[in-house]
Amino acid sequence: MAKYDEQFKLDVVRRYLSEQQSYAEVAREVGVDYSLLRRWVAVYQLHGQGGLVRPRKRYSAQFKFEVLKRIEQDGLSDRQAVAVYNLGDAGIIGKWRRGYDEGGMGALEPRRRDSPAMPHKYPPEPTPKDMTEKQLREENAYLRAELDYLKKLDALIQAERTEALVKKRKWSKG
C-alpha cells in the first residue's frame, strides 16, 4: 500500500472541500482510492491538519476496549471510529474485535516485541589450503548432493501446497 505524505493529503483534502466534485472524481484525478479520500476528509474535519499525520503509537488494552465499547454503544462503523480516534487504519479495529472475541481483555494487551536476538552467523570457515584435490572434489560432491536434496524438498513442499489449494478450490465449487 502506498504511503502519502502529510502535504499531499492536505492538498487533496482541501481540493475536495473547495471544489464541487464527488469523492470519486477527486480521488480518480489524484490517483487514490475514494474510500481513502473519505477517511482523510473525515479525519481532517475532526482533528484538523494534525489528523493527517500518520499515527505511530501503541495502544493500551484499556484504550482498545474503550474504542470497541464506543463502537457498540454509539453504533459507529469502523471507519467512523478510525476518524474519531485518529487511528490511521480501519483494519486495526477488526483485529482488536477478533482478539477480544477470542481471548478477552488479555488479547488486547500490546504484544511485546522482545523477540530473541538473531543467532550470530559466523562466516564460513575458509577452505584449508592443505586440502588435496581429492578432498576438495569430495566436499564439492557432498555440497552438490545437499543442494539437490534441498531443491527436491522444496519442490515436494510446493507440490503439496498446490495440491491442497486445488482440493480446496474443488471443494468450494462443488
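Given the structure, is residue 32 in a loop (DSSP other than H, G, I, E, B) and surrounded by 13 or more Cβ atoms within 10 Å (Cβ to Cβ)? Working first, answer last.
Numbers: in a loop (DSSP other than H, G, I, E, B): yes; surrounded by 13 or more Cβ atoms within 10 Å (Cβ to Cβ): yes.
Answer is yes for this residue.
Within region 44-64, residues that are within 26 Å of residue 109 (Cα to Cα) have Cβ atoms under 8 Å from residues that are at pLDDT 75 or above and exposed (fewer than 11 other Cβ atoms within 10 Å of the Cβ) in these pairs: 61/106, counting only partners at least 6 apart in sequence or on another chain.
Condition check: at pLDDT 85 or above, polar (S, T, N, Q) and either outside any loop (DSSP other than H, G, I, E, B) or not assigned by TED's automatic domain parsing to the domain that holds residue 83 (or both). Does residue 62 satisfy that? In short, yes. Say whether the condition of being more than 30 Å from residue 67 (Cβ to Cβ), modelled with pLDDT under 75 and assigned to a loop (DSSP other than H, G, I, E, B) is met by at least one residue in region 128-143. Yes; the residues of region 128-143 include at least one that is more than 30 Å from residue 67 (Cβ to Cβ), modelled with pLDDT under 75 and assigned to a loop (DSSP other than H, G, I, E, B).
The values are calculated or read from the model by the stated rules, or taken from the named source; none is laboratory data. Keep in mind that this is a model prediction, so the values were computed, not measured. A quick note on method: Cβ atoms are made from the backbone with ideal geometry, for glycine too, and the neighbour counts reach across all protein chains shown.
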